[in-house]
There are 2 protein chains.
Amino acid sequence: MSDLHVYDTTLRDGAQQEGLNLSVADKLAIASHLDDLGVGFIEGGWPGANPKDTEFFARAATDLRLKNATLAAFGATRRVGGKAATDPLVRALVDSGAPVVTLVAKSHIGHVERALRTTREENLAMIRDTVSFLRGEGRRVFLDAEHFFDGYAVDRAYALEALRAAFESGAEVAALCDTNGGMLPGQVWDVVTDVVAALALGSGPGGGASGDARLGIHCHNDTGCAVANSMAAVGAGATHVQGTINGYGERTGNANLVTVIANLQLKEGREVMDPHLLQESTRISHAISEITNVPAYSRQPYTGASAFAHKAGLHASAIKVDPDLYQHLDPKHVGNDMRMLISDMAGRASIELKSRELGFDLDPEDEEDSALVQKVLARVKELELRGYTFDAADASFELLLRREIAGALPTFFDIESWRVITDSRPDGDALSEATVKLSAGGKRVLRTGEGNGPVNALDQALRLALATAYPEIEHLELIDFRVRILDAAHGTDAVTRVLIETSDGETTWETIGVAPNILEASWMALVESVTYGLLRAGVPAR
Amino acid sequence: MSDLHVYDTTLRDGAQQEGLNLSVADKLAIASHLDDLGVGFIEGGWPGANPKDTEFFARAATDLRLKNATLAAFGATRRVGGKAATDPLVRALVDSGAPVVTLVAKSHIGHVERALRTTREENLAMIRDTVSFLRGEGRRVFLDAEHFFDGYAVDRAYALEALRAAFESGAEVAALCDTNGGMLPGQVWDVVTDVVAALALGSGPGGGASGDARLGIHCHNDTGCAVANSMAAVGAGATHVQGTINGYGERTGNANLVTVIANLQLKEGREVMDPHLLQESTRISHAISEITNVPAYSRQPYTGASAFAHKAGLHASAIKVDPDLYQHLDPKHVGNDMRMLISDMAGRASIELKSRELGFDLDPEDEEDSALVQKVLARVKELELRGYTFDAADASFELLLRREIAGALPTFFDIESWRVITDSRPDGDALSEATVKLSAGGKRVLRTGEGNGPVNALDQALRLALATAYPEIEHLELIDFRVRILDAAHGTDAVTRVLIETSDGETTWETIGVAPNILEASWMALVESVTYGLLRAGVPAR
């Protein structure tokens, strides 16, 4: 494995993206995914400056079991004229408990004088004092040299002085930040090459940096070159790369970390991370999109839904014969798939695979099995055209498969109808009331449930109606509910996709519903969720 | 003005994007926008291979008045074993009437043998024959050397041979295509440098290429480096750049032409096009998004809605002092604007800035104004704690601000109550029915609306109830509706955030609602959306 630091700042710099607003629970869930991906460092936020981030670090200490990554707390150098030891924001960094502290510091003389409004000497003292103090508290210290490239252009000597101050005080990394994102790869290459030489880095055994001192790179995509700039810096000797998942970030975003890693590993042959982890990147990129609720960008390199999709045309037959002629690498390396937008070759294979995964041993040579796969495939394609996505709803896929296999899905209950009424209340939150009519256990049942939302009310009514015939459902708990409007061009007339996650205390499963009416979509997903729960528990139809 | 060819292939390669489907009218409208942008060449499609493209060229001849651009028809070299003069597809290129014909040709020996299934000699003969024939017909001929970089890696001599065959037969340009998109900038630089030397280009007076012969570059974004690769090729001597508007294209898309031009012109000081035209690029990029119906990518460099948007409260105070410290260039160069976003990172400075943007001139020295800013800030922070996010809801922020300023927000109507009923229907989609009671124009109104979803029904009922007092709302259209469940750990008990985007045909605005009940959150956002619409239209309260 290479010596390169893979440093993720999704939870801090990524969260600066317009429209992206993460709760503490969101941040914990994302951190866990990033750890699964195998990044080396997860920057969790700015404790002290932001109460949400303070809480994140407190909860991370108890709730987050990291397998690969080390947590980093982000913060600034101490106040002008103060002391690091008594600065409350510096104290908050120590109190966060994070083993790494990443300090943002000024290295651009214009920012020192005009934004910070202090002298060049005081800024250097702030760096030295804060780094030394944190080292004394037993923390590893990384420095984010803000606006480094612009500062280097204005006053190279001072920009280098800021880095020296950090290294001499015990900082392990100085990440050169293209904060405004205006650089091009050639410039980045030139500057990093010069900095490596000027600071006499690059002579150590690690290759890029001597001993503990290493240069890092932090890029934004304002010239469309965040990835290329990061690669240029690594090429010139940087051994610490910062970025975010899905390239989230302020303005045009940060460098997309997965793209940078995949380029380094799959194109330049550098072993940055375990190849098995890289194969999780498409799944993890999409899972994090679900948490941020920022629609996944289908044209995203490597992990995008369209990244290996081909409009079948002139070359369709050639692709079948020799796919490598038409793709820049095998999408399996990043856990993605080639898709032929007309041909269904990939579809059959994945249905066979998935069925086997679920315990249905389908023989591709067997005529009956083959016909079944064909039927399931046709059904999946029809449903996906209508907005279904079975990647995110394994349980619904299993139910679909069982419906096509005689005897594989018992009929637990028959629904007659449902209705939900939601009323505004003059002084308080609106109230919802749902009525469900169904037959179960040989009886017709009619029940009404209340909730603080229409789906909650439907969930209550469904449980009440099934409770007598199936007391087992008491253990089921609805733990997540996600809504996406498809084909936004039509506003509220559009189709709604609802994903529901249910738990039985041991495991969780996801079900899906798609309909023009959001409540109908929710109802479909709820019914699937309960059906799957009964099936899983091995309950017979009553 | 520089000698560089700016060659747009939005209408041909861009149209290969998944989900993008352009009518002839769409293509004509896009071509007209591209001409306004000032591109040198517009590749209109493949006449003969595609009836829609044949029609495009026929209609372009009469309907399209190009001020800047030259039309190019795309097509392939003649058939294996045939003659260009009698090949119906080559004939269709001539018949298109386009002054330029861009021929796609094989330069990768593997593709010659395995995809084209012919010999190396026959492929070269196909190039020579087709180029010569088209030159004889009075056309300028450009060659797209498909899979050039991959082919160069496999058999450099043959790849160069294909280019020589084209140039010797009268082709003016040979564009090196990274068809599979797997290249990195260093590789592109090396290959283009070698090709320029090997073909003895670069010695002419134009700088990059001798006489009429020039190298071009055609990149895809599969490594996230389409822009950087294009820049590398130009740096190494290419004088013809291909790309698409908004980076449309198969898989991860083509090089974003506006990003490449802006980088060359604004970063490298190369005069690629009239600076006044470049200032149209944001407007044109968005106008073309409207035609393609692919939602504009807000993080797009230079022209994206977020490209110059700032969220951090930390930076806001310094931005006020000196905006150039925090942007890589003045967004006016590309017709974009700096925007301050209000978020929970916001401080006083960002509220003051935002208020000024909205036309409220608050004086930070004035005691009353200062108290107002403090009050607004406290309100924003309180609401953001409850799940609001104003960076995605400018209109709701303006309403919040106006509520705090005496007389700045008229009371257009008073709501009494609302109710929504949703019923399952035995054979069809569920139906929703909403009843709204309110007072407007001095009268109490009660109206019921129907919809295929509860929000749609509420929207209908609200419009019906307001129609008499405010006929102006007829122009308002709800164009997007987004739902986010906050704190997912509680499932359907969680708080719901709804964002609504509304259009009046000229501009759009976003409003927000947050509540435990999804319908209440939707109702709040709907009411804000209509209120803002009335305010914008300058309608007095009735």
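The values are calculated or read from the model by the stated rules, or taken from the named source; none is laboratory data. Every value quoted in this text rests on a predicted model; they were computed, and no experiment measured them. Counting neighbours? That spans all protein chains shown, and the Cβs are built from the backbone with ideal geometry, glycine included.
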Counting just the residues of the stretch B:405-453 that are among the polar types (S, T, N, Q) and within 14 Å of chain A (Cβ to nearest Cβ), which one comes out farthest from A:Ala457 (Cα to Cα)?
B:Thr448
Out of everything in the stretch B:195-221 that is surrounded by fewer than 18 Cβ atoms within 10 Å (Cβ to Cβ) and not small (Gly, Ala, Ser), what residue ends up being modelled with the highest pLDDT?
B:Leu199
Quick one: in the stretch A:17-46, of everything that is within 14 Å of another protein chain (Cβ to nearest Cβ) and more than 15 Å from the chain's Cα centre (by Cα), which residue is farthest from B:Leu486 (Cα to Cα)?
A:Trp46
Please verify whether B:Gly505 is more than 9 Å from chain A (Cβ to nearest Cβ), surrounded by fewer than 20 Cβ atoms within 10 Å (Cβ to Cβ) and over 27 Å from B:Leu400 (Cβ atoms), treating the condition exactly as stated.
no
Look through B:Ala58, B:Ala145 and report the one residue that is modelled with pLDDT of 95 or more, closer than 30 Å to B:Asp3 by Cβ and in the same structural domain as B:Ile261 (by TED's automatic domain parsing).
B:Ala145
Kindly evaluate A:Ala238 against the criterion of being more than 7 Å from chain B (Cβ to nearest Cβ), crowded, with 24+ Cβ neighbours inside 10 Å, in contact with a His (Cβ under 8 Å, 6 or more places away or on another chain) and closer than 19 Å to A:Asp150 by Cα.
no
Can you tell me which residues in the stretch B:99-131 are of a type in the set (A, V, I, L, M, F, W, C) and in contact with an Asp or Glu (Cβ under 9 Å, 6 or more places away or on another chain)?
B:Val100, B:Val101, B:Leu103, B:Val104, B:Ala105, B:Ile109, B:Val112, B:Ala115, B:Leu116, B:Leu124, B:Val131
Among the residues of the stretch B:454-485, write down those that are among the acidic types (Asp, Glu), surrounded by 18 or more Cβ atoms within 10 Å (Cβ to Cβ) and not in a strand (DSSP E or B).
B:Asp459
What number of residues in the stretch B:61-88 are closer than 14 Å to B:Thr9 by Cα, surrounded by fewer than 24 Cβ atoms within 10 Å (Cβ to Cβ) and either aliphatic (A, V, I, L, M) or not assigned by TED's automatic domain parsing to the domain that holds B:Asp274 (or both)?
2
Extreme residue, nearest to B:Asp26 (Cα to Cα), among residues of the stretch B:262-307 that are within 13 Å of another protein chain (Cβ to nearest Cβ) and aliphatic (A, V, I, L, M)
B:Ile291
How many of the residues in the stretch B:359-394 are within 14 Å of chain A (Cβ to nearest Cβ) and surrounded by 18 or more Cβ atoms within 10 Å (Cβ to Cβ)?
11
Please go through the stretch B:508-526 and give me each residue that is buried (at least 24 other Cβ atoms within 10 Å of the Cβ) and not in a strand (DSSP E or B), ordered by number.
B:Asn517, B:Ile518, B:Leu519, B:Glu520, B:Ala521, B:Ser522, B:Trp523, B:Ala525, B:Leu526
Within the stretch A:248-295, the residues that are among the aliphatic types (A, V, I, L, M), in a loop (DSSP other than H, G, I, E, B) and in contact with a helix residue (DSSP H, G or I) (Cβ under 7 Å, 6 or more places away or on another chain) are A:Ala255, A:Val272, A:Met273
Go through the stretch A:454-491 and give me each residue that's in contact (Cβ under 8 Å) with a residue 12 or more places away in the chain, more than 14 Å from chain B (Cβ to nearest Cβ) and aliphatic (A, V, I, L, M).
A:Leu464, A:Leu466, A:Ala469, A:Ile473
What's the number of the only condition in (1) touching a residue at least 24 places away in the same chain (Cβ under 8 Å); (2) more than 27 Å from B:Thr130 (Cβ to Cβ); (3) of a type in the set (S, T, N, Q) that B:Thr54 fails to meet?
(2)
With respect to A:Gly224, is the statement that it is within 13 Å of chain B (Cβ to nearest Cβ), touching an Asp or Glu at 6+ places or on another chain (Cβ under 9 Å), surrounded by 23 or more Cβ atoms within 10 Å (Cβ to Cβ) and not aliphatic (A, V, I, L, M) true?
no
Based on this model, can you work out whether B:Ala157 counts as surrounded by fewer than 19 Cβ atoms within 10 Å (Cβ to Cβ) and within 14 Å of another protein chain (Cβ to nearest Cβ)?
no
